[in-house]
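What follows is a short report on a single structure.
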Amino acid sequence: QVQLVESGGGLVQPGGSLRLSCAASGSIFRIYTMGWYRQAPGKQRELVTTIASNGNTNYADSVKGRFTISRDNAKKTVYLQMDSLKPEDTAVYYCTMPTQNYWGQGTQVTVSS
């Protein structure tokens, strides 16, 4: 069993930055792909980014060049650095171990002036 706990969400002005963290329990963190999804009000949950166990990354076109995913296997933590934030980035952000179907509880990110 794996538990994922997100932190770091909040309110930020357009153009600002936030860093989300996701701490995992259990011993399997290092061998699985981790990812971030988001869900805006009235919209379906969508993939933001993933990072494989070997460090390979994948990003949605909407966040390329602005968001950066990273992982620290020793700390069993995955991070999402979000820069140049836009109002359309407003959503609940979920950490996930997608191939194992583990999800965090989500953290709210609101981009507004």
Cross-chain or 6+ apart pairs with Cβ under 8 Å, the stretch 63-74 first and touching a residue at least 12 places away in the same chain (Cβ under 8 Å), then of a type in the set (Asp, Glu) and open to solvent by 30 Å² or more (accessible area, probe 1.4 Å): ARG66/ASP83; PHE67/ASP83; THR68/ASP83
Among residues of the stretch 32-43, those that are open to solvent by less than 60 Å² (accessible area, probe 1.4 Å) and of a type in the set (Gly, Ala, Ser), counted: 2
Subset tally (residues that are open to solvent by less than 30 Å² (accessible area, probe 1.4 Å), small (Gly, Ala, Ser) and within 18 Å of SER21 (Cα to Cα)) for the stretch 44-71: 1
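Out of the stretch 1-31, which residues are of a type outside the set (A, V, I, L, M), under 12 Å from ARG71 (Cα atoms) and either modelled with pLDDT of 95 or more or surrounded by fewer than 18 Cβ atoms within 10 Å (Cβ to Cβ) (or both)?
Within the stretch 1-31, SER21, CYS22, ARG30 qualify.
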VAL111 open to solvent by less than 20 Å² (accessible area, probe 1.4 Å) and in contact with a Pro (Cβ under 8 Å, 6 or more places away or on another chain): yes
Criterion (touching a Gly at 6+ places or on another chain (Cβ under 8 Å), at pLDDT below 95 and not acidic (Asp, Glu)) met by exactly one of PRO41, PRO98: PRO98
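For GLY106, state whether it is on the phi > 0 side of the Ramachandran plot and open to solvent by less than 40 Å² (accessible area, probe 1.4 Å).
Working: on the phi > 0 side of the Ramachandran plot: yes; open to solvent by less than 40 Å² (accessible area, probe 1.4 Å): yes.
Answer is yes for this residue.
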First in the stretch 39-53 and touching a residue at least 24 places away in the same chain (Cβ under 8 Å) and farther than 12 Å from THR90 by Cβ, second anywhere and among the charged types (D, E, K, R) and open to solvent by less than 20 Å² (accessible area, probe 1.4 Å), Cβ under 6 Å, 6 or more apart: VAL48/ARG38
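The values are calculated or read from the model by the stated rules, or taken from the named source; none is laboratory data. All figures in this text were calculated on a predicted structure; none of them were measured in a lab. Neighbour counts run over all protein chains shown; Cβ positions are idealised from the backbone, glycine included. Surface areas here come from the heavy atoms of the whole protein model, side chains and all, with no ligands, DNA or RNA. Shrake-Rupley method; radii C 1.70, N 1.55, O 1.52, S 1.80 Å.
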